[in-house]
Amino acid sequence: MQVHFNKTVLRTTLALTLSCSLALLTAACGGGDGGGGTPAPTPTPTPAPVTVTRQATLTTGQELPAPTLPDAAAAAPGGTASFTLYSTNKLRGSMTLTGFVSPATAPNDVTAAHIHDGDVGVSGAPVVPLAPDAAKVVWSAPANTVLTDAQVAKFKAGGYYVNAHTATNTAGLIRGQLISFTDNVQSIFTANCIECHSSAGAASEIMSLVAGSAHANLVNQAAVSPLVPVVPGGSIRVIPGNSAASVLFKKISGTTAGPQMPFLGSILSANNQNLIKVWIDMGAKNN
């Protein structure tokens with residue numbers, strides 16, 4: 001009887017020992033419902049790629065030298081363009097033409113299109129040749145286009161333009177400056193105008209030009225400053241597509257709208273004046 005009892009105890013002890021060992025092994029390996037192992041690390045979200053976009057509305061008025069009109073390739077030439085630069089310096093985007101002969105056949109077609117190096121009002125050399133679709137309507141940057149660091153800086157500064165060439169206008173029929181309101185126009189206001197045109201400035205009751213407010217306060221808004229001469233029919237600060245009649249451009253260029261602005265400090269550089277001018281002439285977009 002004593003021997004039987006010892007064997008039973010021994011078998012029970014061995015069974016319990018084996019059961020505990022298996023349980024510990026399972027926990028160490030992260031198995032079982034309890035998930036006792038080290039939890040897997042939380043994946044780090046992939047950040048969205050940093051991009052810079054510049055857009056243009058193409059007009060014959062921007063082209064230099066002035067094109068010969070009419071041009072058999074286009075009854076009413078126009079177009080838009082949008083190009084995006086990625087953090088890898090890769091450039092993607094396209095230009096879409098309107099008002100051109102379709103289907104395009106030589107000699108009454110677009111012979112070439114490029115992104116050129118050149119500030120507003122300045123002609124420059126091609127930087128990126130654009131590739132056309134079959135209809136020669138959409139012209140895109142080649143898939144392998146990569147800009148140098150110097151070219152990236154020029155692109156960001158609004159120093160590039162797109163244009164389209166024809167047999168009649170070999171230097172270019174239509175052109176558009178690649179800019180952004182936020183980066184290339186608002187930045188001018190921030191650096192030169194908000195000392196007065198802000199909530200704490202001397203011209204706070206006239207108009208704010210701080211980021212987030214400037215566009216709404218300018219485009220299609222009546223000029224109410226006592227420094228702006230009263231004209232028949234009223235004065236509009238920014239008339240999209242018409243810089244010559246816009247009070248903003250008159251003020252910064254010192255023409256017929258009272259004292260030249262900025263009122264404090266130096267007048268704007270010719271390039272900054274031209275950037276604001278071409279922004280208005282291309283439709284005063286909020287981009």
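Of GLY79, ASN163, PHE181, which is farthest on the positive side of the dipole of region 60-182, counting Cα position, with +1 on Lys and Arg Cβ, -1 on Asp and Glu Cβ, and the Cα centre as origin? Of the candidates, PHE181 comes out farthest on the positive side. In this structure, the pairs whose alpha-carbon distance is over 22 Å, taken from LYS136/LYS285; LYS90/LYS285; LYS154/LYS251; LYS90/LYS154; LYS90/LYS156, are LYS136/LYS285; LYS90/LYS285; LYS154/LYS251. This model, with +1 at the C-beta of Lys and Arg and -1 at the C-beta of Asp and Glu, gives region 181-281 a dipole about its Cα centre of some 200 debye. Applying D = kT/(6 pi eta Rh) to region 180-287, where Rh is the Kirkwood radius over alpha-carbon pairs, T corresponds to 37 °C and eta to 0.692 mPa s, the Stokes-Einstein value obtained is 241 µm²/s.
Read-outs throughout are calculated quantities, based only on the coordinates presented, and are distinct from any laboratory measurement. A quick note: this is a predicted structure, and the numbers were derived from the prediction, not measured. With ideal geometry, Cβ positions are generated from the backbone for all residues, glycine too; neighbour counts draw on all protein chains shown.
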